[in-house]
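**Student:** A single structure is presented below for examination.
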Amino acid sequence: MSSPPQPRILAVGRALPPHYADQATLTAALTAHWSRQHFNPDRLAQIHRSALVEGRHLALPLAEYATHDTFGKRNDAFIRVGLEVGEAAIRDAMARAGLALADIDHLFFVTVTGIATPSLDARLMNRLSLKSSVKRSPIFGLGCLAGAAGLARASDALRAFPAEVAVLLSVELCSLTLQPEDLSIPNVVATGLFGDGAAAVVLGGGARTAAPAAPRIVATRSVFYPGTEWVMGWDVVDTGFKVVLSAKVPEVIEAHIAGDVDRFLVEHGLDRGRIRHWIAHTGGPKVIEAFRAALGLPAAALERSYRSLREVGNLSSASVLFVLADHLEAGEARPGDFGLVAAMGPGFAAELLLLAW
C-alpha cells in the first residue's frame with residue numbers, strides 16, 4: 001500500500017500590532033513601575049540586555065497597560081487585538097499562496113496567551129466569511145511548542161484529505177500576560193523577552209498542484225519528556241497567567257535534543273549533515289545556544305532565529321513560524337535540500353518536522 005502524498009507548505013503570512021517599543025523604552029517603563037517596590041533597576045536592565053531583544057511590537061500603546069489591571073480587561077484586549085492580527089495574518093498568507101479564502105478546508109488555531117469561547121478561529125469564520133464546512137481545531141496550552149505542533153497536526157489532516165487546504169493560525173499577545181506586581185526572576189526575564197504577533201501558514205494536500213519551491217512535510221515527530229511539568233508553563237492566578245520558567249530549560253534541551261533529532265533523521269536515512277536548513281524556535285539566547293551546541297551546528301545555521309529574536313522578541317508559538325517565513329522568503333532552498341523545523345515548550349516536550357524541497 002502506497003504512502004499518502006506528502007503535504008506542502010504553500011505560504012506563510014505574518015502580522016504585527018502597530019504599537020512598537022524599543023527595549024530601552026520598555027526597560028525604563030518597568031523600572032519606573034518596579035522602583036516603587038524597591039526592585040533593583042540595575043538588575044532589571046542587565047536581564048533585559050542579556051535577552052538580546054532590540055524591540056517588540058505590543059498589543060496596546062505602552063501607556064494603556066496600566067489601565068488593563070484585571071485578567072478580564074487583558075483578555076478582552078486579547079480577543080479584540082487577536083482578531084485583528086489573526087485576520088491580517090490569514091489574509092497575507094492566502095494572498096501569498098495565490099488562493100481564495102473560500103479554498104480553506106481546515107483551520108487550526110494555536111495560542112497560549114488568552115482564552116475565548118467561541119474561540120478566535122470561530123470568530124474569524126464570521127469575519128472572513130469562510131465556508132461553513134471548514135473543520136476547526138483550536139488548540140490551547142502548548143506554548144512555544146505550538147507553532148511546530150500545529151504544523152504537524154495540520155499536515156496529519158492533509159494526509160487523510162490530500163486534495164484539501166489547511167491553514168494554521170498562531171496568535172500570541174504575550175504582553176497582555178504581564179504580571180505587574182510579580183518581581184520574581186522568571187517574570188522579569190519574560191518582560192525582557194516576549195513580544196506580540198501572529199502568523200498563518202497555508203498547507204496544501206499532496207494531491208494539489210504546488211510550486212516547486214513549496215517544501216514537502218516528509219514526516220513529523222513529537223517527543224514528551226516525562227516528569228518535566230515544572231520546566232515551563234503558567235500558574236493561573238487571580239490576575240491571569242503567571243509565568244513558570246525554569247532556569248534549567250537550556251539544560252533540558254541540551255540533554256535531549258541531539259538524540260531526539262538523530263533518532264528522527266535516521267528513520268529517514270538521514271543524519272545532521274544532510275540538513276541544510278535549520279528552522280528553530282527563538283526561545284531566547286540561552287535556548288538557541290543550547291540547541292546549537294547540542295547539535296554541533298555553526299552559528300550561521302541559526303542566524304535567522306537570532307535575527308528574529310532581536311527584531312521582534314520571542315513570539316511564543318508564532319516564533320518558529322516567523323523564522324520559517326524568513327527561510328522561505330530568502331529563496332535559498334534548492335531541489336534535494338532537507339530542512340528541520342524544531343520547537344520546544346510546556347510539557348516539557350519537543351516537536352520536529354522534516355522538510356524536503
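**Student:** Inspect segment 103-116 for any residue being under 23 Å from Leu328 (Cα atoms), in a helix (DSSP H, G or I) and touching a residue at least 24 places away in the same chain (Cβ under 8 Å) and give the result as yes or no.
**Tutor:** Yes, segment 103-116 contains at least one residue that is under 23 Å from Leu328 (Cα atoms), in a helix (DSSP H, G or I) and touching a residue at least 24 places away in the same chain (Cβ under 8 Å).
**Student:** Considering only residues that are surrounded by 17 or more Cβ atoms within 10 Å (Cβ to Cβ), farther than 26 Å from Thr67 by Cα and in contact with a helix residue (DSSP H, G or I) (Cβ under 7 Å, 6 or more places away or on another chain), which ones fall in segment 91-122?
**Tutor:** Met94, His106, Leu107, Phe108, Phe109, Val110
**Student:** Here is a follow-up. Select from segment 4-45 the residues that are outside any helix (DSSP H, G or I), in contact with a Leu (Cβ under 7 Å, 6 or more places away or on another chain) and aliphatic (A, V, I, L, M) and list them in ascending order.
**Tutor:** Result: Ile9, Leu10, Val12, Ala21.
**Student:** Could you tell me which residue of segment 187-210 is farthest from Leu315 (Cα to Cα), considering only residues that are over 20 Å from the mean Cα position of the chain (by Cα) and in contact (Cβ under 8 Å) with a residue 12 or more places away in the chain? Walk me through it before giving the result.
**Tutor:** Going through segment 187-210, the residues over 20 Å from the mean Cα position of the chain (by Cα) turn out to be 188, 204-210.
Then keep just the ones that are in contact (Cβ under 8 Å) with a residue 12 or more places away in the chain; that gives 188, 204-208, 210.
On the way: Val188: 16, Gly204: 25, Gly205: 27, Gly206: 30, Ala207: 33, Arg208: 31, Ala210: 29 Å.
Only one residue tops the list, namely Ala207.
**Student:** Among the aliphatic types (A, V, I, L, M) and touching a helix residue (DSSP H, G or I) at 6+ places or on another chain (Cβ under 8 Å): which single residue out of Leu302, Leu328 fits that description?
**Tutor:** Sole residue among the options that is among the aliphatic types (A, V, I, L, M) and touching a helix residue (DSSP H, G or I) at 6+ places or on another chain (Cβ under 8 Å): Leu302.
**Student:** Something else about it: Considering Ala45, Ala63, which residue is under 25 Å from Arg310 (Cα atoms), surrounded by fewer than 13 Cβ atoms within 10 Å (Cβ to Cβ) and more than 21 Å from the chain's Cα centre (by Cα)? Break it down stepwise before answering.
**Tutor:** Numbers: Ala45 fails: surrounded by fewer than 13 Cβ atoms within 10 Å (Cβ to Cβ).
When all the criteria are applied, what remains is Ala63.
**Student:** Moving on. Looking at segment 244-269 only, could you name the residues that are at pLDDT 90 or above, among the hydrophobic types (A, V, I, L, M, F, W, C) and under 30 Å from Ala190 (Cα atoms)?
**Tutor:** Matches in segment 244-269: Val249, Val252, Ile253, Ala255, Ile257, Ala258, Val261.
**Student:** Taking Asp156, is it closer than 22 Å to Ser246 by Cα, modelled with pLDDT of 95 or more and either small (Gly, Ala, Ser) or not assigned by TED's automatic domain parsing to the domain that holds Ala325 (or both)? I'd like the intermediate steps shown before the answer.
**Tutor:** Details: closer than 22 Å to Ser246 by Cα: no; modelled with pLDDT of 95 or more: yes; either small (Gly, Ala, Ser) or not assigned by TED's automatic domain parsing to the domain that holds Ala325 (or both): yes.
So Asp156 does not fit the description; no.
**Student:** Scanning for something aromatic (Phe, Trp, Tyr) and either without any contact (Cβ under 8 Å) to a residue 40 or more places away in the chain or more than 18 Å from Phe109 (Cα to Cα) (or both), does segment 341-350 turn up at least one residue? Break it down into steps so the answer makes sense when it comes.
**Tutor:** In the first step, residues of segment 341-350 are kept if they are aromatic (Phe, Trp, Tyr); the result is 348.
Those still in the list that are either without any contact (Cβ under 8 Å) to a residue 40 or more places away in the chain or more than 18 Å from Phe109 (Cα to Cα) (or both) too: 348.
Yes, that holds for at least one residue.
**Student:** Additional query: Out of (1) at pLDDT below 95; (2) out of contact with any strand residue (DSSP E or B) (no Cβ under 6 Å at 6 or more places or on another chain); (3) surrounded by 15 or more Cβ atoms within 10 Å (Cβ to Cβ); (4) of a type in the set (S, T, N, Q), what's the single condition that is false for Gln23?
**Tutor:** Checking Gln23 against (1) at pLDDT below 95; (2) out of contact with any strand residue (DSSP E or B) (no Cβ under 6 Å at 6 or more places or on another chain); (3) surrounded by 15 or more Cβ atoms within 10 Å (Cβ to Cβ); (4) of a type in the set (S, T, N, Q), the one that fails is (2).
The values are calculated or read from the model by the stated rules, or taken from the named source; none is laboratory data. Fair warning: this is a prediction, and the values are worked out from it, not measured in the lab. Quick reminder, even Gly has a Cβ in these numbers, built from the backbone with ideal geometry, and neighbours come from all protein chains shown.
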